[in-house]
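The values are calculated or read from the model by the stated rules, or taken from the named source; none is laboratory data. Remember, predicted model here, so these are calculated numbers, not experimental data. Note: ideal-geometry Cβ built from the backbone for every residue, glycine included; neighbour counts use all protein chains shown. Remember, those area values only see protein heavy atoms, side chains included, never the ligands or the DNA or RNA. Shrake-Rupley method; radii C 1.70, N 1.55, O 1.52, S 1.80 Å.
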Amino acid sequence: MNEKARKFRDLAEKRVNNAIKQIQLIGNLSNKYNYEYTEEEVKKIINALKAEIRNLEIKFELSSNKRFKL
């Protein structure tokens, strides 16, 4: 495995695991015993996370498709 591939895999594993942990922590906010929130606030959180996932998908699609097409 070349250096760039190894670096990608190392960083991807670390960053994805960190992102998963942070999403789990956001999920902990659903405990109504400790927190109070509205359905609108929940929708905003979920929409923000979904939007970032869409942006991530677009970045990987664009980086793998460097050719111009009409």
>> How large a share of the accessible area of the chain, in percent, is made up of carbon and sulfur atoms when the probe is 1.4 Å and the other protein chains stay in place?
In response: 56 percent
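Compute, for the chain, the length of the dipole vector about the Cα centre, with Cβ point charges of +1 (Lys, Arg) and -1 (Asp, Glu) only. Units Debye, rounded to 20. It would help to have the intermediate numbers written out before the result.
Working: 16 positive and 10 negative charges, 119 e Å.
Dipole about the Cα centre, nearest 20: 580 debye.
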>> Where in the chain is the longest stretch that carries no trypsin sites (Lys or Arg not before Pro) classed as loop by DSSP and with at most 12 other Cβ atoms within 10 Å?
In response: 33-65
> So for the pair Asn28, Glu3, with labels modelled 7 Å out along Cα→Cβ, what separation do we get in nm?
Replying inline: 3.9 nm
> Taking Cα atoms, how many degrees apart are the long axis of helix 39-64 and the longest axis of the chain, rounded to 10 and kept between 0 and 90?
Replying inline: 0 degrees
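Counting other Cβ atoms within 10 Å of each Cβ, which chymotrypsin sites (Phe, Trp or Tyr not before Pro) in segment 14-70 have at most 14 and sit in a DSSP loop? Each step should come with its number before you reach the end.
Working: sites: Tyr33, Tyr35, Tyr37, Phe60, Phe68; in loops: Tyr33, Tyr35, Tyr37, Phe68.
Passing both the DSSP loop test and the Cβ count: Tyr33, Tyr35, Tyr37, Phe68.
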> How far, in degrees from 0 to 90, does helix 3-28 lean away from the longest principal axis of the Cα atoms of the chain, to the nearest 10?
Replying inline: 10 degrees
> Taking R0 as 22 Å, what's the FRET efficiency between Ile20 and Ile58 from their Cβ-Cβ distance, rounded to 0.05?
Replying inline: 0.60
> How big is D, in µm² s⁻¹, for the chain by Stokes-Einstein at 37 °C and 0.692 mPa s if Rh is the Kirkwood radius over C-alpha pairs?
Replying inline: 216 µm²/s
> Of all GluC sites (Glu not before Pro) in segment 1-61, which ones are in loop regions per DSSP and have a Cβ with at most 12 other Cβ atoms within 10 Å?
Replying inline: Glu36
>> To make sure I understand the rule: partners must be aspartates and glutamates, Cα under 19 Å from the Cα of Lys50, and not fewer than 8 residues away in the same chain. Which ones qualify?
In response: Glu39, Glu40, Glu41, Glu61
